[in-house]
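Read-outs throughout are calculated quantities, based only on the coordinates presented, and are distinct from any laboratory measurement. Computed from a prediction, not measured in an experiment: that's the story for all the values here. Neighbour counts are summed over all protein chains in view; Cβ atoms, including those assigned to glycine, are modelled from backbone coordinates with ideal geometry.
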Amino acid sequence: MNEDLKNILKRVRELYNKYGIKSITMDDVAHELGISKKTLYQFVSDKDDLVGKFIDNEIEIRQVEICKCFKIGLNAIEELFEISLFMNKLIREQNPATEYDLKKYYPHHFQKIVKIRRERMYSYILLNLQKGKEEGLYREDMNEDVIAKLHLSRSESIHFEELFTIEEFTSVKLFIELLSYHVRGIATEKGINVLENKIKQLESNNI
């Protein structure tokens, strides 16, 4: 992806996160960028193509950020918290209208991002479970595949469940409870101690 297109998508991301997707026209994008529509069409063929490139860029941004969590010398439980904090931050910053518009008006793009998000999160959880076993933080007798699918399913259902508002879903209280519920079911005594220390740290920092 060339730098000009990256800059366009950066501004488009700001517009979509502020106003949603449906209300933003190609004229709006061109005006915001200070370029003509003719110039804009050198990078995208139409609005559907723009939305598709926006989605691809979002997927890449998330991949880069999550990969950072695997490179900073954390144990499995600390790593799990870092990844979850990042996903929590994304949800807080995203305009609900953006996902609504994507799902209603661009279902093919919506299904793509859901599919990739699900596949990658499953992979991240599985890697985390394997790492936790190696570190003696998670139980050896745990079925990694089943637990990974259970945790992914639980996280997704809470995200789309109407019982929780965005404010509740992204709250510190629910965040800690969800991860505690997951980790306590698979952790060794050593893992429980790491979990409790991590929770105390988060609460004292008032995340």
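Side notes on the structure shown:
- A Cβ-based charge dipole, computed about the Cα centre of the chain with Lys and Arg at +1 and Asp and Glu at -1, lands at about 280 debye.
- Using alpha-carbon coordinates, inclination of helix 172-184 to the longest axis of the chain, degrees: 50
- Principal-axis analysis of the Cα atoms of the chain puts helix 76-93 at an angle of about 30° to the longest axis.
- One chain, two ends: Ser155 and Arg11. Fully extended at 0.36 nm per residue, the span grows by 48.9 nm beyond their Cα-Cα distance.
- Take 90-96, 137-143, 75-81, 23-29 and order them by the average number of nearby Cβ atoms within 10 Å per residue, most first; the result is 75-81, 137-143, 23-29, 90-96.
- Counting only alpha carbon atoms, the long axis of helix 189-205 and the longest principal axis of the chain meet at about 50°.
- The alpha-carbon atoms of segment 47-205, seen along their principal axes, cover 53, 27, 27 angstrom, with the largest extent given first.
- Estimated [θ] at 222 nm from DSSP helical runs (n ≥ 4, -39500 (n - 2.57)) normalised by residues in the chain, nearest 500: -25000 deg cm²/dmol
- Leading residue at positive end of dipole, the chain (Cβ point charges), from Asn57, Tyr100, Met121: Asn57
- Its relative contact order, with pairs defined as Cα atoms under 8 Å and 6+ residues apart, puts the chain at 22 percent.
- Residues in segment 38-74 reached by a label modelled at Ile91 [backbone nitrogen below 14 Å; 7 Å Cα→Cβ]: none
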